[in-house]
1. Within the range 106-123, track down each residue that is surrounded by 14 or more Cβ atoms within 10 Å (Cβ to Cβ) and either touching a helix residue (DSSP H, G or I) at 6+ places or on another chain (Cβ under 6 Å) or charged (D, E, K, R) (or both).
2. When you go through (1) under 60 Å from the mean Cα position of the chain (by Cα); (2) surrounded by 12 or more Cβ atoms within 10 Å (Cβ to Cβ); (3) on the phi < 0 side of the Ramachandran plot one by one for Thr133, which number turns out not to apply?
Amino acid sequence: MHSIRAALVPVALLAVGALATGCGSSTPTDVGEPAKLASIAPATTPAAVSTPTPTPTPVATPSATSEPSATTAPVKQPTTTKRRVFEYKSIPFKKKTVTDDSIPKGEKSVRTKGANGMRKLTYEVTYVDGVQTTKRLLRQDVSKQPRTQVTVVGTKVEEETESSGCDPNYSGACVPIASDVDCSGGSGNGPEYVRGPVYIIGDDIYGLDGNDNDGIGCEKS
């Protein structure tokens, strides 16, 4: 029995060697069954699938200098305009008294009727936001000349009037010929007085016409 086992060992070894040589392996195999199992195992192991981690988007933090400043309302500039303005003013007419020796003494009439004139004034007016601030006179022109009123007083003296003792410089009432004559009811001290109205047809030697110089004296007496 022991001899049979001894004879089988060389045969087994030869069979293993032949098997190894028939596979074409140049490297002797000194590993058993586990090595064969390793040779038929998958060459590679699937790598673990890596899932990319999303990168967070950085959020910009506003700095102290980037903060919006307070909004300032724009300052409205005043609007200035200038205009030319015209004004008209009346020019009062003057009065003038003349004598006429062809008209009986004491008669009085208006020969030329007076009329007011007109003056044109040109101004430059400045407005700021629609409100007038200044007004400057640029020039003035007479657009219409006034017309002087002419009153005619008769100076024709009759003989009997001269002999009556009345001053020939006056008519309408008898003005005595004296050193001084005043209007009745006035503040004069005479010595002679006359009740008016009287018309000055010559020289007002007694000053009966007062201060208005309209050719009529003692109007209020």
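1. Once the filter is applied, which keeps residues that are surrounded by 14 or more Cβ atoms within 10 Å (Cβ to Cβ) and either touching a helix residue (DSSP H, G or I) at 6+ places or on another chain (Cβ under 6 Å) or charged (D, E, K, R) (or both), the range 106-123 yields Glu107, Lys108, Arg119, Lys120.
2. In the conditions (1) under 60 Å from the mean Cα position of the chain (by Cα); (2) surrounded by 12 or more Cβ atoms within 10 Å (Cβ to Cβ); (3) on the phi < 0 side of the Ramachandran plot, Thr133 misses (2) alone.
To keep it simple, each residue is scored yes or no on (1) outside any strand (DSSP E or B); (2) of a type in the set (S, T, N, Q); (3) touching a helix residue (DSSP H, G or I) at 6+ places or on another chain (Cβ under 6 Å); (4) under 20 Å from Lys94 (Cβ atoms).
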{"site": "Asp182", "(1), (2), (3), (4)": "no, no, no, no"}
{"site": "Gly186", "(1), (2), (3), (4)": "yes, no, no, no"}
{"site": "Asn189", "(1), (2), (3), (4)": "yes, yes, no, no"}
{"site": "Gly196", "(1), (2), (3), (4)": "yes, no, no, no"}
{"site": "Tyr199", "(1), (2), (3), (4)": "no, no, no, yes"}
{"site": "Asp204", "(1), (2), (3), (4)": "yes, no, no, yes"}
{"site": "Asp209", "(1), (2), (3), (4)": "yes, no, no, yes"}
{"site": "Asp214", "(1), (2), (3), (4)": "yes, no, no, yes"}
{"site": "Lys220", "(1), (2), (3), (4)": "yes, no, no, no"}
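Where a number appears in this text, it was derived from the coordinates with a stated rule and is not lab data. Values in this document were obtained by computation on a predicted structure and should not be read as measured data. As a convention, Cβ positions derive from the backbone with ideal geometry for all residues, glycine included, and neighbour counts pool all protein chains shown.
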